[in-house]
Amino acid sequence: MRVRTLGLAGVLALMVAAPVRSEAPRGRAWVHIRVDESNRQSKVSVNLPISVVDAALQAAPEDIMSNGHIHLGRMGKHELSVSDLRKAWNEMKATGDAEFATVEEEDQKVRIARAGNLMLIHVEKPNGAESVRVEVPVEVVDALFSGQGEELNFRAGIAELQKRRGDIVRVHDDHSTVRIWIDEGN
Amino acid sequence: MLKMVLIGAVAVPAIAAGSVAATGVVVVNVQEARGGHHFVVPVPLALAQVAAAFVPENKTRLHLGRDAEKYLPVARQVLSALAEAEDGELVRVEEPGQKVSVRKEGDMVRVSVDDGDEHVKVQVPISLALAVLPSSGTQVSASQAVFALQHARLTEVVNVQGKDGEQVSVTVY
């Protein structure tokens, strides 16, 4: 679970952001990543200007990304494709605020919902042992799905990110916490 | 006649010193552990450039490998964007007995590694890194790298301090 959540946090760091306030940003945006592992007494901080992330995406090799679009193709044994996800997203977007999925199992509870302009993905384990909170602005997901076919439009996603301020991802378990957020501080 | 000789005796070293100062000097300073030998080796950059020019090209070129061709443009773009970004701490890692910090300050990227016994500080001007990276292909030439050191004038590029007091520093003047 821990590896999965950390991986999820890393990917989402580049993809999404949640707004805390809605006014237009005044300065340049920075992405911040903090990973604290209490069992190893380890703290890692990464702070990157979004302009640097954008520059890396612009120059990424074509076999990874072409013109800011990433080609994913079909993935997994269930043949989930980007175009399928895009269709599902368009349907979900049209429904407005709703609970899309709530899964309650013995060892965890998963909730996927839309609230206002945020898509929420919350995973919680009993007694607060472990939790993942991802809050994705609708505009960012829209921007990502603005590619064609099996492509995600990362550049458009990054452009949306530049407007966002606040937490993107929070993960905590018994031994570690991960926080990814955007602000104008460095 | 004596006047001409005196003028020559003063002018030649002055011009030589001026040329060296204008083109830069790399000073390698090595202090051995426990009060051992102390070496200071000044190398005029102009001399290093001339020497590099005489070495066969295949001996002075570092081939970075096939993958580098794909990722060098990324490195160039990232460095260029970083040069224009605000100053700040880019990375900080703290573990018991070890600290690593990477900061951007002006044109400089400062890396500091402190593992208790050893302290390493590296300061690399972004303009130097951009000058060393090939604009096309995957080869870095030694003469290009030496020439790029001009971007690091008045900078202590490397400083390593060992647990027994040994110290190595490389400074470009």
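The values are calculated or read from the model by the stated rules, or taken from the named source; none is laboratory data. Everything quoted here is computed from the prediction, not taken from an experiment. Virtual Cβ from ideal backbone geometry, glycine too; neighbours counted across all protein chains shown.
Going residue by residue through segment B:127-134, is there one that turns out to be assigned to a strand (DSSP E or B), under 22 Å from A:V53 (Cα atoms) and at pLDDT below 95?
No, there is no match, as no residue in segment B:127-134 is assigned to a strand (DSSP E or B), under 22 Å from A:V53 (Cα atoms) and at pLDDT below 95.
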Discussion item. Tally up the residues in segment B:32-71 that are exposed (fewer than 12 other Cβ atoms within 10 Å of the Cβ) and touching a Leu at 6+ places or on another chain (Cβ under 8 Å), please.
Written reply: 0
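Of all residues in segment A:160-180, how many are assigned to a strand (DSSP E or B) and within 14 Å of the chain's Cα centre (by Cα)? Break it down into steps so the answer makes sense when it comes.
Kept after step one, since they are assigned to a strand (DSSP E or B), are these residues of segment A:160-180: A:166-172, A:176-180.
Those left that are additionally within 14 Å of the chain's Cα centre (by Cα): A:166-171, A:178-180.
The total comes to 9.
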Item to complete: Would you please name the residue that is nearest to the other protein chains (Cβ to nearest Cβ), looking only at residues in segment B:77-114 that are under 22 Å from B:N159 (Cβ atoms) and loosely packed, with under 14 Cβ neighbours inside 10 Å?
Response: B:D87
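On the given criteria, is B:V100 part of a strand (DSSP E or B), closer than 30 Å to B:A33 by Cβ and under 10 Å from the mean Cα position of the chain (by Cα)?
No; evaluated as a whole, the condition is false for this residue.
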Worksheet item: Looking at this structure, is B:V74 outside any strand (DSSP E or B), surrounded by 17 or more Cβ atoms within 10 Å (Cβ to Cβ), of a type in the set (V, I, T) and touching a residue at least 40 places away in the same chain (Cβ under 8 Å)?
Response: no
Worksheet, complete the sentence: Going through segment A:106-159 in order, the residues found to be touching a strand residue (DSSP E or B) at 6+ places or on another chain (Cβ under 9 Å), at positive phi and free of Cβ contacts under 8 Å to residues at least 60 places away in the same chain are A:G128
Worksheet item: In the list A:G157, A:G149, A:G96, which residue meets the criterion of being of a type in the set (G, A, S) and under 17 Å from the mean Cα position of the chain (by Cα)?
Response: A:G157
Practice prompt. Identify the single condition in (1) more than 27 Å from B:E84 (Cβ to Cβ); (2) crowded, with 18+ Cβ neighbours inside 10 Å that A:I182 does not satisfy, given that it satisfies every other one.
Written response: (1)
Fill in: Residues located in segment B:135-166, provided they are farther than 24 Å from B:V74 by Cβ, assigned to a strand (DSSP E or B) and touching an Asp or Glu at 6+ places or on another chain (Cβ under 9 Å)
B:V160, B:Q161
Worksheet item: When you go through (1) assigned to a strand (DSSP E or B); (2) of a type in the set (D, E, K, R); (3) over 26 Å from B:G36 (Cα atoms) one by one for B:K121, which number turns out not to apply?
Response: (3)
Fill in: Test for B:G137: is it surrounded by fewer than 16 Cβ atoms within 10 Å (Cβ to Cβ), more than 18 Å from the chain's Cα centre (by Cα), at pLDDT below 90 and within 22 Å of A:L57 (Cα to Cα)
yes
Practice prompt. Please work out which residue is nearest to the other protein chains (Cβ to nearest Cβ), limiting yourself to segment B:55-71 and to residues that are touching a strand residue (DSSP E or B) at 6+ places or on another chain (Cβ under 8 Å) and not in a helix (DSSP H, G or I).
Written response: B:L64
Worksheet item: How many of the residues in segment A:100-117 are surrounded by fewer than 16 Cβ atoms within 10 Å (Cβ to Cβ), in a strand (DSSP E or B) and touching a helix residue (DSSP H, G or I) at 6+ places or on another chain (Cβ under 8 Å)?
Response: 1
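Every residue, every condition in (1) surrounded by 14 or more Cβ atoms within 10 Å (Cβ to Cβ); (2) modelled with pLDDT of 60 or more, yes or no:
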residue: A:P25; (1), (2): yes, no
residue: A:W30; (1), (2): yes, yes
residue: A:K43; (1), (2): yes, yes
residue: A:H69; (1), (2): yes, yes
residue: A:L80; (1), (2): no, yes
